[in-house]
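Encoded as structure tokens, the structure appears first; notes follow it.
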Amino acid sequence: MSEQQTDLDLVVIGAGFAGLAMLHRARESGLHTRVLEAGDGIGGTWFWNRYPGARTDSECYYYCLSFSPEVVAEWTWSERYPGQPEMLRYLNFVADKFDLKRDITFGTRVESAVFDEGSGTWEVTTDTGESVRSRFVVTGLGLLTEPHIPDFPGLDSFTGETYMTCRWPADGVDLSGKRVGIIGTGATGVQAIPLIAQEAAHLTVFQRTPNYVVPAQNRPMEPDEIADLKARHYEILQKARDHSFAMPFEPGHGPAGDFTADEQRQIFEEGWKSGGFRFLFETFDDIIVDPAANESAAEFIRSKIREIVHDPATAELLCPKGYPYASKRPPAGHDYYEAYNRDNITLIDVGSAPIREITPTGLRTADASYEFDVLVLATGFDAVTGALTGIDIRGRDGLALKDKWADGPATYLGLTVHDFPNLFTISGPGSPFANIPVCIEKNVEWIGRALDHAREHGGVLEATAEAEADWGRQVQEVVSGTLLPQGAKVHSWFTGTNIPGKAPVVNVWFGGANNYFAACDTIADKGFGGFTTPG
Ligand code: NAP
């Protein structure tokens, strides 16, 4: 193990969308920066999630970086929702264009980051035995990074092959002729299931909670459309920044209650054809706040499931009931429900008869046993906080972030933490869950200004305890007027309830990404109120 000390202005942890954008911005301020990345390549989420069917759930022309007009002009997307390989090629294109990789160290997992009061610097250590000292640390770890593997008894006893979707081998997996069992029907499982079913001899899907799946309506991009979107990129970006979920969508038709049942159905039909998140945001404006509007949308989706799935018993099992649509993050489907019409797929309800153990040849639930050759775990993530608390981050007086957040995360703007000076968390807890690249670039823009400000005012920027507490109150207040907290009862990562024992707290800002961006801009414009900048 080699040990080496380097003095840096900035250490960025993670080389996904966030880390790349941050590195580029830091170079503009002339900061001596190093990015530390656990993976062997750039991409973050798009590096690790290589499972069959992995692709964006947002349309290509706003799920991308905007900091470079040249990239916007030069890169051409092939599909409405790019697949993982295309997304990874895109991020490499961006990185290579700006020669970003020269400042990135790959295959290096950060183990700890400790603030030294005396020097006002962070000491960052890695699993390669390296130790670097830096004035600022920015984390770009992603919201959905730390895998969640349920504590199934007997998991190690399985004699077949086991794969986590978020660690799918880069060379792929040959599933042909094999019996596959998959646990999990979240956004990941919903993408993977139709493709695994096409390849495997048989697929058994173990579903605990059915999801509301709206088809994405993927298709190739047309040359004229591409030219138009490129020409209007920055107009579209502004529209996204003005939207509560950072998507350049048209408003809905108003409250669902203003329309008759027939009219509602017609509007939902149009939303279904538009696909993906447009169904949620461009139909009616009150779906996530009004129980009746939500139930209309939910019932429309159930009617579609019953229409598509031939076997009535399977259709009923797939119909979500007892929780509002979108109170768990709704997946986008690609022939998802259609897949259940295949002869080689079986749906098992592990909500009513839970998984008891993994056996050497399959698994056993409360009422039956199942056999398969390959086990696929699409069981989600310790979201939002998991990647941050997985690093031993210590602020003033040795305070561990993990301890500070034991009862739920506390941040100011999702970006900074009291007692952790000069630490910035892109897409941290308390920041919006919305179209991620747009949020990331706004975070990066703000952090760039904050770093410049800190350097002009004595080198330290730290959220005050009052500002942090006030932000925490606002995060909980804005969500209380919505139906989103109800997702907690069906293990939603929005509320941490997908992880047994995790504090059940809404850990993202649902008060509108647009309002959040405005709040952050105002704070920066007014000279960083809510922060102390001791010399
Ligand atoms: P997830 O939504 O948390 O789903 C995990 C699945 O595993 C759920 O079906 C869950 O059932 C099941 N599960 C967990 N523990 C279980 C247990 N003990 N027994 C039986 N089933 C169990 O995770 P995900 O599908 O990986 O998606 C996470 C997030 O990643 C998404 O919400 C989305 O934000 C993001 N994502 C995005 C994309 C995209 O944009 N292209 C694609 C994939 C994922 P319960 O529902 O009952 O908990």
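Sorting 367, 9, 57 by accessible area puts them as 367, 9, 57; the probe is 1.4 Å, largest comes first, and only protein heavy atoms count. At a probe radius of 1.4 angstrom, the accessible area of the chain per residue rounds to 38 square angstrom. Since only 53, 64, 91 are under comparison, the one whose Cα sits farthest along the positive direction of the charge dipole of region 1-103, derived from C-beta charges on Lys, Arg, Asp and Glu, is 53. Of the three principal axes defined by the Cα atoms of the chain, the extents in descending order read 69, 57, 46 Å. Other residues with beta-carbon under 10 Å from the beta-carbon of residue 220 carry, at +1 per Lys or Arg and -1 per Asp or Glu, a net charge of -1.
Stretching the chain fully between residue 403 and residue 464 yields a gain of 20.1 nm (0.36 nm per residue, less the alpha carbon separation). Any idea what diffusion coefficient region 385-467 gets from Stokes-Einstein, in µm²/s, Kirkwood Rh on alpha carbon pairs, 20 °C, 1.002 mPa s? The Stokes-Einstein estimate is 161 µm²/s. The fraction of accessible area contributed by carbon and sulfur in region 50-135 is 47 percent, rounded to a whole number (1.4 Å probe; ligands and nucleic acids excluded).
How big is region 326-475 by the Kirkwood estimate over distinct Cα pairs, in Å? Walk me through the numbers before you get to the answer.
Working: mean 1/r = 0.0517 Å⁻¹.
It works out to 19.3 Å.
Summing charges over all other residues whose Cβ lies under 13 Å from the Cβ of residue 42, with Lys and Arg as +1 and Asp and Glu as -1, gives -1.
Between residue 242 and residue 352, the FRET efficiency from the beta-carbon distance, with R0 = 56 Å, is close to 0.80. Show that you can apply the helix-only estimate: for the chain, add -39,500 (n - 2.57) for every DSSP H stretch of four or more residues, divide by all residues, and state [θ] at 222 nm to the nearest 500. When only DSSP H runs of four or more count, the value is -9500 deg cm²/dmol. P(r) for region 51-140, from all Cα pairs and a bin width of 5 Å, is 3, 11, 17, 15, 13, 13, 12, 11, 4, 1, 0 %, short bins first.
Rolled with a 1.4 Å probe across the full set of protein chains, the surface gives residue 317 an accessible area near 60 Å². Which shape class, rounded, prolate or oblate, goes with region 392-535 when its Cα gyration tensor gives a ≥ b ≥ c as root eigenvalues, a/c under 1.5 marks rounded, and past that a/b bigger than b/c marks prolate? Oblate, since a/c reaches 1.5 and b/c is not below a/b.
If 221, 22 are ordered by their accessible area, calculated over protein heavy atoms with a 1.4 Å probe, which sequence runs from highest to lowest? The partial results should precede the final answer.
Working: 221 20, 22 0 Å².
Ranking 221, 22 by accessible area, largest first, yields 221, 22.
Counting only lysines at least 8 places from residue 402 when in the same chain, those with an alpha carbon closer than 22 Å to its own are 502. Packing order of peptides 161-170, 185-194, highest average first: 185-194, 161-170 (average count of other Cβ atoms within 10 Å over each peptide's residues). In a fully extended conformation the segment linking residue 96 and residue 70 would gain 8.1 nm over its present Cα-Cα distance, using 0.36 nm per residue. Stretched out straight at 0.36 nm per residue, the stretch from residue 307 to residue 532 would grow longer than its current Cα-Cα span by 75.1 nm. Cross-link reach is defined here as a Cα-Cα straight distance under 20 Å, omitting same-chain residues fewer than 8 places apart; for residue 404 the aspartates and glutamates meeting it are 111, 116, 117, 123, 146, 382, 392, 419, 462, 466, 468, 470.
Counting only other residues whose beta carbon sits under 13 Å from that of residue 433, what net charge do I get with K and R as +1, D and E as -1?
On the way: positive: 328, 329; negative: 57.
Summing Lys/Arg as +1 and Asp/Glu as -1 gives +1.
What FRET efficiency would be calculated for the residue pair residue 522, residue 368, taking the C-beta separation as r and a Förster radius of 60 Å, to the nearest 0.05?
Values: r = 58 Å, r/R0 = 0.96.
The pair residue 522/residue 368 has a calculated efficiency of 0.55.
Here the simple spin-label model places points 7 Å from the Cα toward Cβ, and for residue 78 and residue 167 these points are separated by 3.0 nm. Estimated at the nearest 10 Å², the accessible area of residue 63 is 30 Å² with a 1.4 Å probe. Here is the list for region 309-395: trypsin sites (Lys or Arg not before Pro) lying in DSSP coil, each with at most 11 other C-beta atoms within 10 angstrom of its C-beta, are 321. With a Förster radius of 60 Å, plug the Cβ-Cβ distance of residue 342 and residue 476 into 1/(1 + (r/R0)^6) and report the FRET value to the nearest 0.05. Using R0 = 60 Å, I get an efficiency of 0.85.
Taking a straight Cα-Cα cut-off under 26 Å and skipping sequence neighbours fewer than 8 places away in the same chain, the lysines within cross-link reach of residue 273 are 230, 239, 304, 321, 328. So what is log10(I(q)/I(0)) for region 463-533 at q = 0.17, 0.24 1/Å, when the Debye sum runs over its Cα atoms only? Evaluating at q = 0.17, 0.24 Å⁻¹ gives log10 I(q)/I(0) of -0.72, -1.06.
The values are calculated or read from the model by the stated rules, or taken from the named source; none is laboratory data. What you see is a predicted model, and the numbers here were worked out from it, not measured in a lab. Don't worry about glycine lacking a Cβ; one is built from the backbone with ideal geometry, like all the others, and counts go over all protein chains shown. Each accessible area value is taken on the protein alone, full model and side chains, heavy atoms only, with ligands, DNA and RNA left out. Shrake-Rupley method; radii C 1.70, N 1.55, O 1.52, S 1.80 Å.
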